Structures are given as structure tokens and as C-alpha cells.
Amino acid sequence: MGEPEGAVPLSPGLTVALTGGTGFVGGAIIRRLLEDRVRVRALVRPASLASCFEAKGLTWIHGELGDRESLRRLVEGASAVIHCAGSVRGACPADFEPANVSGVERIVAAARESAGHPRLLLFSSLAARSPELSDYAASKRRGEDALRSAAQGLDWTILRPPAVYGPGDREMLPLLQWMRRGILFVPGSGAGRLSLIYVSDLAEAVLCWLMNGSGLNGCFEPHDGKAGGYSWEEIRGVARELYRRSVLRVDIPRPLLELAARLNIPASRFFGYRPMLTPGKVRELCHQDWVCHDEDFRRAVNWSPRVGLAEGLRRTLG
Ligand SMILES: NC(=O)c1ccc[n+]([C@@H]2O[C@H](COP(=O)([O-])OP(=O)(O)OC[C@H]3O[C@@H](n4cnc5c(N)ncnc54)[C@H](OP(=O)(O)O)[C@@H]3O)[C@@H](O)[C@H]2O)c1
């Protein structure tokens, strides 16, 4: 990818501080940054040490978002701070708040206190566009608001990715595996359209932001390059062509999803897990417009996605 006029070349001593590095998206970002010899300092919670991996240029900072001292060590001397940690599962607002709202406030505060005034990148979600749908969506919007109100004088950017898929993802994997077996499950009426993004393209977008995205101070919706997103029929068509087989479309009626979601809440309390399928998630799944628009972001950071759905499925499922 060529550099646009005015692009800031990556300096060899660049250090990026990152939260969420033990997760699907954060791990992919770490690997991409290290490939370009950017040094990465990543926060890891004590309970998640098993998810750490070793790599040259990568340092794990043991700590919590609620612990000011560990955040100070994380961001000190960093040129940029990427807050990618986020709670994506939960039954109530309190499950989402620590990573998605107060975590943002604390990261911004740590960046403010750091002598180098690092640039900030917040991983929000396209869901934040419709905060009324779910506790998750509302928490992502509140995190954005927290950043905007506390970041005056700082250089900040918000990314709202659509559904992200790729190797290492656990949320979409079962659906993709069913599709390869010849069944596409479609939530609700299936009349909506959605954008998608392959994880390495998103990681590349972060690298381009690092190189070229100074002073954006705005909110962007990167996607895989399919203008107008996908209909479920288009997704089915891609799968049919890729797997050279018929793909049966199975529409799951909204009332059935709602019933399953309602039952999932007490089950999650009883068995002690954080639920993904909740009434709020059903409203998200049945929402008609999850289409991203990213021309401004692409131009600003000189990024183009490279992996369309067929190639992304091939790379994800082999
Ligand atoms: N995947 C998608 O389709 C998608 C789409 C749009 C936006 N996003 C956003 O992208 C970000 C990353 O998502 P992901 O798919 O990579 O999720 P993930 O695989 O579940 O990873 C979440 C990461 O956040 C960390 N985390 C969660 N709660 C935390 C807390 N209270 N304190 C510190 N760290 C915490 C986790 O750490 P532990 O390992 O310690 O739990 C993990 O590293 C999130 O902000 C999410 O909202 C994701």
C-alpha cells in the first residue's frame, strides 16, 4: 500500500499500548503491529494469563482496567493507545459497563496523565448506532460518549466495526460451519442487510490509522468493501458458489429466538455463564440495517480491505 502525501512513516521505536489483546480482534491487531516492528504493550488480567502468547516486541502488563497503576504502566511512553477490550456477552448493563464504559473513562484518563499524550483509538461497534436495541449497544454508545467528553485536546478516533469474522473467532464460527455443511440459519424475517469485515483487514486498518490517521477526531465504520452490505440471499449465494453445493436457508422465526433468549437468562444465572443470546441480542439480530459506510475513513488513512466474503470464508474454515 503506498503512502499518501503527508503520511507519517512508522518510527522503529514506536510503542503502542493495547487492551483486549487476549481476545479475537486484539490478538490479530497485536500480530499485525509486530509484523511491522511496532512494539506492543498489552494489558492482561490475572485470570487470563493462559491466553498470553510470546512474541518479539510484545510485553504483557499484568493488571486490570480498574487499576490506575497498571494503566499508568501500560500507556507510559506509548505513542498510541488502543482500547480494544470489550464485553460482548452479558445479561444486564452491569455486565457491559466495566470494559465498555468505565474502562474507556479510565483509559482516557491514563492517556491524559501520560507525558507523551498518546493518540487514542477506541473499538466501539456498529451496534452503538442503535443504542436502544440492547444493553451491549447502549454500553458501546456510552463508551463513545465518555471518550468524546473526556478527550478534548487529545487525538482520538472511534472505530465501529460490523460483525468481524476470521480464524480465532468463536461467536460466528458455528454459523459459518453450518453454512459449509449446507445450512444457512437466518434470524427473523431475514429482510435486513449487513456489512462484514475479515479480521486481518480490520487489523490492517488499525496499522493504517497508526501511520496516517493523526487528528481524525471522528467515528468511522470500516467494512470489507461490499458497498451496501449483504442480504442473506447474497451470503447464501457466496456459500453456494464457494462450497459448490446447495445451501438450505432456514429462517428462525423471531418469537422462537425471543423465547430461547428469555430462557437463556435464568439458565446463565443457574450455570454461571455470560449469555450471548439475550432479548437485546435478538433485537440486534433482527435489526434491518447493519450496513457500514467507510469512504471517509479509507481516504483518511489510505486503507483498502482485501478480503471479500468468499476468500474470508476460505481462510476461516480452510
Ligand atoms: N467480534 C466482533 O464481531 C466485533 C464487532 C464489533 C465490535 N467489536 C468490538 O471489538 C472489541 C474486541 O472484540 P472481540 O471480538 O475480540 O472480543 P473477545 O474475543 O471477547 O475479546 C474481548 C477482550 O476484552 C477483554 N476484556 C473484556 N472485559 C474486560 C475487562 N472488564 N477488563 C479488561 N479486559 C476485558 C478480554 O480479556 P480477557 O481475555 O481477560 O477476558 C479480551 O481480551 C470489543 O470492544 C468489541 O465490542 C467486536
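Can you tell me which of (1) in contact with a strand residue (DSSP E or B) (Cβ under 8 Å, 6 or more places away or on another chain); (2) more than 23 Å from PHE123 (Cα to Cα); (3) of a type in the set (A, V, I, L, M); (4) open to solvent by 60 Å² or more (accessible area, probe 1.4 Å) is the one ALA239 doesn't meet?
(4)
Please indicate, with yes or no, whether at least one residue in the range 208-220 is among the aliphatic types (A, V, I, L, M), outside any loop (DSSP other than H, G, I, E, B) and under 21 Å from ILE29 (Cβ atoms). Lay out the reasoning, then the answer.
The first filter runs over the range 208-220 and keeps only residues among the aliphatic types (A, V, I, L, M), leaving 210-211, 216.
Keeping just the survivors that are outside any loop (DSSP other than H, G, I, E, B) gives 210-211.
Right, trim to under 21 Å from ILE29 (Cβ atoms) and you get 210-211.
Yes, because at least one residue in the range 208-220 is among the aliphatic types (A, V, I, L, M), outside any loop (DSSP other than H, G, I, E, B) and under 21 Å from ILE29 (Cβ atoms).
Quick one: in the range 54-94, of everything that is acidic (Asp, Glu) and over 19 Å from LEU122 (Cβ atoms), which residue is surrounded by the fewest Cβ atoms within 10 Å (Cβ to Cβ)? Give the derivation first.
The initial filter retains those residues of the range 54-94 that are acidic (Asp, Glu), namely 54, 64, 67, 69, 76.
From what is left, the residues that are over 19 Å from LEU122 (Cβ atoms) are 54, 67, 69, 76.
Numbers: GLU54: 6, ASP67: 15, GLU69: 10, GLU76: 17.
So the residue we want is GLU54.
Pairs needed: first member in the range 101-125, more than 14 Å from ARG68 (Cβ to Cβ); second member anywhere, surrounded by fewer than 16 Cβ atoms within 10 Å (Cβ to Cβ); C-beta distance under 7 Å; at least 6 residues apart or different chains.
From the range 101-125, the pairs are GLY116/GLY77.
For every residue, the table says whether it meets (1) open to solvent by less than 10 Å² (accessible area, probe 1.4 Å); (2) in contact with a Pro (Cβ under 6 Å, 6 or more places away or on another chain); (3) near the ligand (Cβ under 8 Å from one of its atoms); (4) not acidic (Asp, Glu).
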| position | (1), (2), (3), (4) |
| --- | --- |
| LEU126 | yes, yes, yes, yes |
| LEU133 | no, no, no, yes |
| TYR136 | no, no, yes, yes |
| LEU147 | yes, no, no, yes |
| GLY153 | no, no, no, yes |
| THR157 | yes, no, no, yes |
| ARG160 | no, no, yes, yes |
| VAL164 | no, no, yes, yes |
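Yes or no, residue by residue, for (1) touching a residue at least 60 places away in the same chain (Cβ under 8 Å); (2) more than 16 Å from the ligand (Cβ to nearest atom); (3) in contact with a helix residue (DSSP H, G or I) (Cβ under 7 Å, 6 or more places away or on another chain):
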{"residue": "MET179", "(1), (2), (3)": "yes, yes, yes"}
{"residue": "ASP201", "(1), (2), (3)": "yes, no, no"}
{"residue": "TRP209", "(1), (2), (3)": "yes, no, yes"}
{"residue": "SER214", "(1), (2), (3)": "yes, yes, no"}
{"residue": "SER231", "(1), (2), (3)": "no, yes, no"}
{"residue": "LEU242", "(1), (2), (3)": "yes, yes, yes"}
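Given the conditions (1) outside any strand (DSSP E or B); (2) surrounded by fewer than 19 Cβ atoms within 10 Å (Cβ to Cβ), which single one is not true for LEU257?
Condition (2) is where LEU257 drops out.
Looking at the structure I just gave you, is ASP169 surrounded by fewer than 22 Cβ atoms within 10 Å (Cβ to Cβ) and either without any contact (Cβ under 8 Å) to a residue 40 or more places away in the chain or farther than 19 Å from LEU202 by Cα (or both)? Outline the logic, then answer.
Working: surrounded by fewer than 22 Cβ atoms within 10 Å (Cβ to Cβ): yes; either without any contact (Cβ under 8 Å) to a residue 40 or more places away in the chain or farther than 19 Å from LEU202 by Cα (or both): no.
Taking the combined requirement at face value, the residue does not satisfy it.
The values are calculated or read from the model by the stated rules, or taken from the named source; none is laboratory data. It should be emphasised that the depicted structure is a prediction, and the values quoted were computed from it without experimental measurement. With ideal geometry, Cβ positions are generated from the backbone for all residues, glycine too; neighbour counts draw on all protein chains shown. All accessible areas refer to the heavy atoms of the entire protein, side chains included, with ligands and DNA or RNA removed. Shrake-Rupley method; radii C 1.70, N 1.55, O 1.52, S 1.80 Å.
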